[in-house]
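*Asks:* Can you keep this structure in mind? I'll have questions shortly.
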Amino acid sequence: MVNIRQHDVAAPVLDAAAEEQFAKAWGTYQKLVDNDYVFHREVYRILRRILVEDMKRPFRFLDLACGDARGVVGALEATPIAHYHGVDLSQPALDLAAQALEALDCAIELDRRDFVAAMADRPEPADLVWISLSLHHLETPHKQVIMREVLGILDDAGAMVIYEPTSREGESRAGYLTRFVATNRPLWRALDAAEWAEIEDHVTRCDLPEPASVWQQLARDAGFTRVEELFKAPTDLYRMFRFRP
């Protein structure tokens, strides 16, 4: 059974313009997923391997900025998951998530809420916390705050796994954005001109990537002691990390 909770979202912590743009571009984002333009297939394959090999006991999975949860369901099926908790601001996305998550045989809870606010007052523990292509919307110090709050709800066997835009060492934000456009525009052929414009506008206004060294140092400074890189996208624009206590 899926339990959907509503919270006061009148004053979200995240930039309202970014959230509005994301809602408008939902169909475009699905094209990115369907065409594997940001390498979700490999990312979810790695996530599944972690869940199968490292989560032997019934575990609690927290999915921050869960979207429609379509990709993560495949990673979670046939694992010993006991509880899934997804958090997202988009009600249409949560409605789709509720349908997709029916494939799981576990307790399911969905919150319509900003993930920053959700973590700020979360008392419930989790065993694995997952966030993808969302943490980079925060300024650098606020990324670390989220990591510290996640660490506070994990036990020694838990983990935080992220997949986020990653700049090269010494590369400015402007340099990353230039490289993003130069790399992806010729590759993302399924997008029409208007859809590409939506993506470029969103990335230009909202993306705050970090170099791999900074992502890892933020985790260490937040208190994680085991920090590892799991995957680098072939375009060298995104990386996947696991942080453990």
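The values are calculated or read from the model by the stated rules, or taken from the named source; none is laboratory data. Everything numeric here is computed off the predicted structure, so don't read it as measured data. Using ideal geometry, Cβ is built from the backbone for each residue, glycine included, and neighbour counts are taken over all protein chains shown. These area figures cover heavy atoms from the full protein model, side chains too; ligands, DNA and RNA do not enter into them. Shrake-Rupley method; radii C 1.70, N 1.55, O 1.52, S 1.80 Å.
*Asks:* Just to be sure before I move on: is R41 surrounded by fewer than 16 Cβ atoms within 10 Å (Cβ to Cβ), modelled with pLDDT of 95 or more and not hydroxyl-bearing (S, T, Y) in the structure I sent?
*Replies:* Yes, satisfied.
*Asks:* While we're looking at this one, here's another question. Could you say which residue among A190, A233 is touching a Lys or Arg at 6+ places or on another chain (Cβ under 8 Å), under 26 Å from R41 (Cβ atoms) and open to solvent by less than 30 Å² (accessible area, probe 1.4 Å)?
*Replies:* When all the criteria are applied, what remains is A233.
*Asks:* Might you let me know whether the range 101-113 holds any residue that is touching a strand residue (DSSP E or B) at 6+ places or on another chain (Cβ under 8 Å), assigned to a helix (DSSP H, G or I) and modelled with pLDDT of 90 or more?
*Replies:* yes
*Asks:* Another question, then. Condition (residue is touching a Phe, Trp or Tyr at 6+ places or on another chain (Cβ under 7 Å), surrounded by 21 or more Cβ atoms within 10 Å (Cβ to Cβ) and not acidic (D, E)) applied to the range 194-202: is it met by at least one residue?
*Replies:* Looking for residues that are touching a Phe, Trp or Tyr at 6+ places or on another chain (Cβ under 7 Å), surrounded by 21 or more Cβ atoms within 10 Å (Cβ to Cβ) and not acidic (D, E), one finds none in the range 194-202, hence no.
*Asks:* Is there any pair linking a residue in the range 69-98 that is open to solvent by less than 10 Å² (accessible area, probe 1.4 Å) to one that is at pLDDT below 90, with Cβ under 8 Å and at least six apart or on different chains, and which?
*Replies:* Taking only residues 6 or more apart or on different chains, the pairs are A93/W26; L94/I4.
*Asks:* Residues of the range 134-171 being open to solvent by 30 Å² or more (accessible area, probe 1.4 Å), in a loop (DSSP other than H, G, I, E, B) and farther than 18 Å from Q217 by Cβ, which ones?
*Replies:* Within the range 134-171, G152, D155, D156, A157 qualify.
*Asks:* Would you mind telling me which numbered condition in (1) closer than 21 Å to R70 by Cα; (2) touching a Lys or Arg at 6+ places or on another chain (Cβ under 6 Å) T166 fails?
*Replies:* (1)
*Asks:* Still on this structure, I have one more. Which numbered condition trips up N184, out of (1) out of contact with any Pro (no Cβ under 8 Å at 6 or more places or on another chain); (2) open to solvent by 70 Å² or more (accessible area, probe 1.4 Å)?
*Replies:* (2) is the only condition that N184 fails.
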